[in-house]
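> Sending over a structure as structure tokens; questions will come in a sec.
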Amino acid sequence: MDRNSRPHLSRDDLVVVIPALNEALRIRDVVEGALAECPHVIVVDDGSDDGTAQRIADLPVTVLRHEARMGKGASLRDGFARALEMGARAIISMDGDGQHRPADIPRMLAAANRHPGHIVIGARLRRRSQQPIYRRLANEFADWGIAWGTGYQLADSQSGQRLYPAAVAAMTDVPGEDFVFEAQVLISAAQQLGTRCVSVPIESRYKCVHSDEQFRPSHFKPLRDFTRITSHVVFGVLRRGGIAEMFRRIRANPVLIDDPSGEFASQPLEDALPTRSP
């Protein structure tokens with residue numbers, strides 16, 4: 001039987017891909033946590049100069065190395081390609097800075113089995129008060145904007161913790177670099193494959209007064225990167241046209257949340273997710 005036709009995914013079907021740029025502070029903890037949930041882990045070292053790769057040299061992981069920085073988009077592309085070579089039926093992406101919990105991987109896997117063929121987003125809906133307010137508002141605006149490319153509403157389109165079906169990871173004509181790639185892969189999957197996203201609520205993890213966890217400064221620059229993402233999406237919408245029809249599609253396809261606890265799934269959208277409707 002073809003690997004993509006088997007309905008049930010197990011941890012052995014997954015490969016975790018971790019893009020890493022100067023993540024010596026947390027990379028070992030992240031990789032060890034990922035290995036506890038999945039036996040197949042790829043780290044893409046994007047030209048780090050702080051000893052990131054040396055921190056995990058003794059761990060049973062595949063390390064891909066960029067001699068010079070190529071950006072997150074290139075790191076994900078290379079990681080996806082190697083994961084597919086390894087026989088992955090689905091790929092988990094997560095950042096190397098420790099803001100994503102490897103312990104959420106089983107919940108994302110369970111959601112993928114309840115929603116076959118979907119991209120699963122680890123949506124930072126729990127403990128949202130920890131998020132810096134500027135970042136929360138920017139994320140909500142990005143969700144609204146990216147919906148114009150996908151044709152459906154989604155929660156936390158900027159989260160880097162995702163589960164991609166192999167068919168999505170295998171797409172070879174996804175434009176965009178750096179963080180634009182993560183936005184475009186959602187759009188391309190919707191337009192080319194008819195793939196939707198389902199969101200699994202996870203915790204927001206940021207440095208705050210109530211925590212002694214240490215995180216390096218984010219590589220994501222809100223003004224610069226949201227401008228790039230937004231302009232990329234807007235130009236795409238204008239090129240395709242059909243704005244009125246897209247608006248109707250978005251309104252007809254609300255956010256899909258996989259939350260067996262009912263904390264979010266049972267609430268009206270406007271209460272569960274403080275995002276504006278397109």
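> Taking the alpha carbon gyration tensor of segment 54-188, what are the square roots of 5 times its eigenvalues, largest first, to the nearest whole Å?
Equivalent ellipsoid semi-axes, largest first: 23, 18, 17 Å.
> Taking R0 as 41 Å, what FRET efficiency do you get between Glu203 and Gln54 from their Cβ-Cβ distance, rounded to the nearest 0.05?
Efficiency computed from Cβ-Cβ geometry: 0.85.
> May I pose another question? Hey, can you find the accessible area per residue of segment 46-158 for me, probe 1.4 Å, expressed in square angstrom?
Per-residue value: 38 Å².
> Can you send over the carbon and sulfur percentage of the accessible area for segment 152-205, probe radius 1.4 Å, protein chains only?
48
> Using square roots of five times the C-alpha gyration tensor eigenvalues, list the equivalent-ellipsoid semi-axes of segment 20-123 in whole Å, biggest first.
They are 23, 15, 12 Å, listed largest first.
> Given a Förster radius of 35 Å and the C-beta distance between Leu84 and Ala244 as r, what FRET efficiency does 1/(1 + (r/R0)^6) yield to the nearest 0.05?
That pair, Leu84 with Ala244, gives E of 0.35.
The values are calculated or read from the model by the stated rules, or taken from the named source; none is laboratory data. Just so you know, these numbers come straight off a predicted model, no measurement behind them. FYI the Cβ positions are ideal-geometry reconstructions off the backbone, even for glycines, and counts take in every protein chain you see. The accessibility values were calculated without ligands, DNA or RNA, using every heavy atom of the protein model including side chains. Shrake-Rupley method; radii C 1.70, N 1.55, O 1.52, S 1.80 Å.
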